[in-house]
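The values are calculated or read from the model by the stated rules, or taken from the named source; none is laboratory data. Keep in mind that this is a model prediction, so the values were computed, not measured. Cβ coordinates were reconstructed from backbone atoms using ideal geometry, including for glycine residues, and neighbour counts include every protein chain displayed. Note: areas computed on protein heavy atoms with side chains; ligands, DNA, RNA excluded. Shrake-Rupley method; radii C 1.70, N 1.55, O 1.52, S 1.80 Å.
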Amino acid sequence: MKNDLLLKALSGKPVERPPVWMMRQAGRYLPQYMKLREKYGFFERCQTPELACEITLQPVDIIGVDAAILFSDILVVPQAMGLEVQLIESKGPFLPNPVKTASDLHRVCIPDVHEKLQYVFDAIQLIKKELNSRVPLIGFAGAPWTLLCYMVQGKGSKTFDEAKAFCYTQPRVAHQLLQMITDTTIAYLEAQVEAGADVIQVFDSWGGLLSPADFETISLQYIRQIVTALKDKVPVIVFAKGAWHSLDAMAETGAQALGIDWCITPQMARSLAGDKVTLQGNFDPAKLLSPIPVIKKEVEAMLAAFGGERYIANLGHGILPNIPVDHARAFVDTVKGWSNGRAQ
Ligand code: 1CP
């Protein structure tokens with residue numbers, strides 16, 4: 001691997017500077033992505049390995065990030081499990097027949113991932129070939145709770161109250177569904193690793209909607225199963241947005257890194273997570289709308305607060321579609337200009 005900063009930071013080895021990538025780095029803020037978006041539907045882009053490969057490489061070539069992340073979506077898993085998933089322009093995901101009761105579980109299965117998701121593994125093989133060891137490739141999946149949110153609510157939501165009500169009023173059915181998602185996800189991620197993914201990130205975007213006790217029973221016990229199945233094969237990053245209260249428990253899963261958002265200080269996150277895990281984050285994505293000199297100053301403050309070791313520079317959530325490309329580049333370049341704990 002020519003640029004192995006990410007792998008080194010994950011295993012706690014010394015680095016000359018922290019690695020940097022951005023969640024959702026392949027996407028709507030890039031004009032080159034928008035061009036492909038005019039011609040092909042969302043799932044067509046995911047399902048065509050050549051397109052997924054081209055989109056995955058865009059931020060590596062245009063922005064110069066230290067890692068590629070597979071272009072796909074967490075919702076290909078509910079799709080493979082038998083639910084119809086649409087992506088509605090400017091509205092987001094829509095599942096016309098969500099899971100509401102035990103009888104709906106008959107429409108959901110644990111699929112053969114090679115039968116339903118082979119296009120993902122083909123894309124990974126192609127990306128690895130095109131990357132030619134320039135930077136590592138991150139594969140990913142949604143955490144079971146975050147996938148249940150969409151499978152039950154049927155669309156995006158600020159509160160996912162219907163998904164919560166499902167878990168609180170029909171816990172037996174909810175846990176049955178969470179276990180089916182977990183089993184599918186383990187097989188899916190193992191196949192991503194076999195196809196060539198160097199690192200795996202589990203996105204629990206809605207983990208922070210749950211109380212600490214519910215986070216353990218509804219989310220973390222399933223994430224733990226996923227990390228346990230993968231951790232001896234590949235480094236795993238767990239990003240449970242907003243679930244800072246459980247950083248200690250997440251560190252104990254054996255994940256090599258934990259993602260954090262901008263609502264916690266680096267110092268507080270480090271004291272909760274302990275010294276044995278790498279931290280990833282936590283720049284407020286909306287702050288990339290600031291003037292470039294402000295971005296530079298704030299990124300330097302973030303780097304100083306995290307320190308140079310066991311740290312991966314990233315945003316605290318996905319990049320927004322309205323971020324100017326030169327602002328995204330300023331974020332990445334500021335990290336790349338940081339050496340031995342100081343700006344150059
Ligand atoms: O072009 C478009 O309009 C589609 C927008 C889009 C994109 C670019 C969607 C629909 N998904 C993606 C790609 C995507 N999704 C990646 C690609 C790799 C990368 O560059 O990072 C990844 C990792 C995801 C993961 C994902 N999808 C998450 C977890 C991360 C997060 O941001 O919280 C979630 C929650 C989704 C669901 C989803 N898919 C798409 C949208 C707009 C959403 C969010 C909907 C919501 O707000 O509820």
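Bridgeable lysines around Lys100 (alpha carbons under 18 Å apart, same-chain partners fewer than 8 residues away excluded): Lys155, Lys164.
Roughly what % of Cα-Cα distances in the stretch 143-203 sit above 20 Å, to the whole percent? Tail of P(r) above 20 Å: 35 percent of Cα pairs. The orientation-averaged projected area of the convex hull spanned by the Cα atoms of the stretch 164-244 comes to 5.2 nm². Put a dot 7 Å past the Cα of Val325, heading toward its Cβ, do the same for Ser133, and the two dots end up 3.0 nm apart.
I'd like to compare 311-319, 71-79: which one has the highest average count of other Cβ atoms within 10 Å, and what's the full order after that?
Values: 311-319: 24.0, 71-79: 21.9.
Top of the packing list down: 311-319, 71-79.
Of the two radii for the chain, the radius of gyration is 0.94 times the Kirkwood radius, both from the alpha carbons; that is the Rg over Rh value. Entry note, the stretch 5-343: relative contact order of 22 percent, from Cα contacts under 8 Å with a spacing of 6+ residues. Most simply put, the chain has about 20% antiparallel DSSP beta bridges, counting only bridges with both residues inside it.
Using a 1.4 Å probe on the protein chains only, how many percent of the accessible area of the chain belongs to carbon and sulfur? Display every interim value, and only then the final one.
Numbers: 7270 of 13830 Å².
Ligands and nucleic acids excluded, carbon and sulfur reach 53 percent.
Taking 7 Å steps out from each Cα toward its Cβ at Asp275 and Asn3 produces label points 3.1 nm apart. Rounded to the nearest 10 degrees, the angle from helix 118-131 to the longest Cα principal axis of the chain is 10 degrees. What value, in deg cm²/dmol to 500, does the helix sum -39500 (n - 2.57) over DSSP H runs of n ≥ 4 give at 222 nm once divided by the residues of the chain? The helix contribution divided over the chain gives -13000 deg cm²/dmol.
With a Förster radius of 30 Å, plug the Cβ-Cβ distance of His106 and Ala165 into 1/(1 + (r/R0)^6) and report the FRET value to the nearest 0.05. Computed FRET efficiency for His106 and Ala165: 0.90. Springs join every pair of Cα atoms under 10 Å in this Gaussian network model of the chain, and among Tyr222, Tyr188, Tyr33 the largest mean-square fluctuation is at Tyr33.
Surface analysis of the chain yields an accessible area of 40 Å² per residue, using protein heavy atoms and a 1.4 Å probe.
In debye, nearest 20, what is the charge dipole magnitude of the stretch 222-272 about its Cα centre with +1 on Lys and Arg Cβ and -1 on Asp and Glu Cβ, if you could check? Don't skip to the end; give the middle numbers.
Details: 5 positive and 4 negative charges, 21 e Å.
Dipole about the Cα centre, nearest 20: 100 debye.
Each listed q (0.16, 0.19, 0.22 Å⁻¹) maps to a log10 I(q)/I(0) for the stretch 168-210 from the Debye sum over equal C-alpha point scatterers, namely -0.58, -0.74, -0.86. Applying Stokes-Einstein at 20 °C and 1.002 mPa s to the Kirkwood radius of the stretch 62-150, computed over alpha-carbon pairs, gives a translational diffusion coefficient of 142 µm² s⁻¹. May I ask for the distance between the Cα centers of the stretch 234-310 and the stretch 79-100, given as a whole number of Å? Cα centroid of the stretch 234-310 versus Cα centroid of the stretch 79-100: 31 Å apart.
Distant-in-sequence amide contacts of Gln280, defined by a placed amide H-H separation under 5 Å and a gap of 5 or more residues or a different chain, comprise Leu258, Gly259, Ile260, Ile312.
Students often get this wrong, so check it: of Lys129/Lys233; Lys158/Lys296; Lys2/Lys287; Lys2/Lys297; Lys13/Lys336, which have C-alpha atoms separated by over 22 Å?
Values: Lys129/Lys233 20 Å; Lys158/Lys296 31 Å; Lys2/Lys287 31 Å; Lys2/Lys297 29 Å; Lys13/Lys336 18 Å.
Beyond 22 Å between Cα atoms: Lys158/Lys296; Lys2/Lys287; Lys2/Lys297.
Solvent-accessible surface (1.4 Å probe) assigned to Lys128 amounts to roughly 60 Å².
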